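The values are calculated or read from the model by the stated rules, or taken from the named source; none is laboratory data. Model, not experiment: these values are computed from the prediction. Methodologically, a virtual Cβ is constructed for each residue, glycine included, from the backbone with ideal geometry; neighbour enumeration extends over all protein chains shown.
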Amino acid sequence: MTARTHDAIAFASLISFSVIVPPDNLNLYTLFAAVIGNVVGALVPDMDQAGNRLWDLLPAGDSLGKIFRRIFYKHRTITHSLLGFVAIFKLLGWLLPKFLNPSFIDPNIVFTSIMVGYISHLVADSLTEEGLPLFFPFKLKVGFPPISSWRIKTGGWFENLVVLPATGVYLVWFISTFKEELVSLLRSVSL
């Protein structure tokens, strides 16, 4: 999937998750950080590509992207695996409470938002022809449906004309269906 599709699916996943599991004590700073974290989480699995938009957000990102690309040696390796997921989970679980001031931003909400974006990325990529190397370093790739020729071509017409618009339609449907819950959640946001 392209970055645009990953962003849309991650945001739809975050909105859905926030209705299913509403956050406690949400403030404006945390809400802002959670939305940004969700976008970053959706980009993290592709940090093995020098052209990833994540590198554009960081100072010296072009240089960092080239270094990381050499470390990972090719796209869809460890960052798209269970091993990579656990490593990112542990790293962020340790790093965010040290980096974020809990008096202003709830690190648990931001952590959850990032992981929702990360998981949505993996799920979306499992629908592509390439599949996922979930059990990296083993070369077995997993995808749905199991026959790769039935899956979506990244950046192809089906992604652009069906998946992306369907995500938009889902968002409109979800927001209109759960508007009371979402309004209640937004009203509970403290300043």
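Exactly one of these conditions fails for LEU134: (1) among the hydrophobic types (A, V, I, L, M, F, W, C); (2) touching a residue at least 60 places away in the same chain (Cβ under 8 Å); (3) in contact with a strand residue (DSSP E or B) (Cβ under 7 Å, 6 or more places away or on another chain). Give me its number.
(2)
So which residues in region 3-26 are surrounded by fewer than 17 Cβ atoms within 10 Å (Cβ to Cβ) and among the polar types (S, T, N, Q), if there are any at all?
Scanning region 3-26 gives SER16, ASN25.
Has region 176-189 got any residue that is under 20 Å from the mean Cα position of the chain (by Cα), loosely packed, with under 15 Cβ neighbours inside 10 Å and touching a residue at least 24 places away in the same chain (Cβ under 8 Å)?
Looking through region 176-189, none of the residues is under 20 Å from the mean Cα position of the chain (by Cα), loosely packed, with under 15 Cβ neighbours inside 10 Å and touching a residue at least 24 places away in the same chain (Cβ under 8 Å).
Given the criteria farther than 22 Å from VAL39 by Cα and within 19 Å of the chain's Cα centre (by Cα), does GLY131 qualify?
no
Please find, among LEU64, LEU100, LEU83, LEU54, the residue that is surrounded by 14 or more Cβ atoms within 10 Å (Cβ to Cβ), at pLDDT below 95 and within 22 Å of LEU28 (Cα to Cα).
Every option except LEU100 fails the conditions.
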